[in-house]
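What follows draws every value from the coordinates through simple rules; no lab data is involved. Please read these numbers as outputs of a predicted model, since none were measured by experiment. Please note: Cβ atoms are built from the backbone with ideal geometry, for glycine as well, and neighbour counts cover all protein chains shown.
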Amino acid sequence: MAKGKNQHVVKHPDGWAVKGEGNSKATKVTHTQAQAIEAAENIARNQKSDTKIHGENGKIRAGNSYGNDPCPPKDKK
């Protein structure tokens, strides 16, 4: 299955937005960053892509991979 677009959580005039990488329009706008992160994670899981969480300054502060990670964790829980 093809990997989907990375999902970015960015500041928006109405709160926080989830935007697919390269998209000009937001997929979803929420009041809080936590709500936007949850929405982005759900989309990324479905598309087997990554999340990129931006801070208020616009710089990426966190992220997670839900696809084929080239460096998966070695511990087997």
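Worth a mention:
- Figure legend. Inter-residue proximity from the range 1-28: first residues loosely packed, with under 14 Cβ neighbours inside 10 Å, second residues assigned to a strand (DSSP E or B) and of a type in the set (D, E, K, R), beta-carbon distance below 9 Å, spacing 6+ or different chains. Indicated pairs: K3/D50; E21/D50; E21/K52; K25/K19.
- Within the range 1-20, the set of residues being touching a Ser or Thr at 6+ places or on another chain (Cβ under 8 Å) and among the hydrophobic types (A, V, I, L, M, F, W, C) comprises V9, W16, A17, V18.
- Residues (under 13 Å from G55 (Cα atoms) and polar (S, T, N, Q)) located in the range 11-36: T32, Q33
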